[in-house]
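**Student:** Just dropping this structure here.
Since every read-out is calculated from the coordinates, none of them should be taken as a lab result. Everything quoted here is computed from the prediction, not taken from an experiment. Cβ coordinates were reconstructed from backbone atoms using ideal geometry, including for glycine residues, and neighbour counts include every protein chain displayed.
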Amino acid sequence: MTIRTAGIGALLLAGLLPHPAEAARHVIEIRNMAFAAPPAHLKVGDTIHWENKDVFQHTATARAGSFDLDLPAGKGGDVSLKTPGVLDVFCRYHPNMTLRLTVEGR
């Protein structure tokens with residue numbers, strides 16, 4: 001086998017091996033005093049960008065304490081998902097605003 005043949009074989013084999021899934025970026029908007037619907041298929045390592053499109057200040061606060069993001073009107077912020085499980089999220093200023101996120105392992 002020549003070096004060229006071995007190199008081509010390695011490239012072909014690399015295409016057959018599973019590749020780790022890349023982390024995704026999701027956006028959750030806040031408007032009219034409500035969180036938008038949660039994205040499907042959130043995974044550990046993904047990032048959620050919270051975008052406050054409302055005229056009021058809000059937070060995206062996980063009840064489990066894994067994040068607490070303060071979001072002034074018209075601003076946004078990011079949260080990286082670190083562990084699998086269910087996260088119940090609420091706004092500290094408006095506790096009736098709630099959202100449930102389900103995070104899957106990679």
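**Student:** Of the numbered conditions (1) assigned to a strand (DSSP E or B); (2) within 16 Å of the chain's Cα centre (by Cα), Thr83 satisfies every one except a single condition; which is it?
**Tutor:** (1)
**Student:** Shifting gears a bit: Go through region 38-80 and give me each residue that's out of contact with any Leu (no Cβ under 6 Å at 6 or more places or on another chain), crowded, with 16+ Cβ neighbours inside 10 Å, in a loop (DSSP other than H, G, I, E, B) and without any contact (Cβ under 8 Å) to a residue 60 or more places away in the chain.
**Tutor:** Listed by number, the residues that qualify are Asp54, Gln57, Ser66, Phe67.
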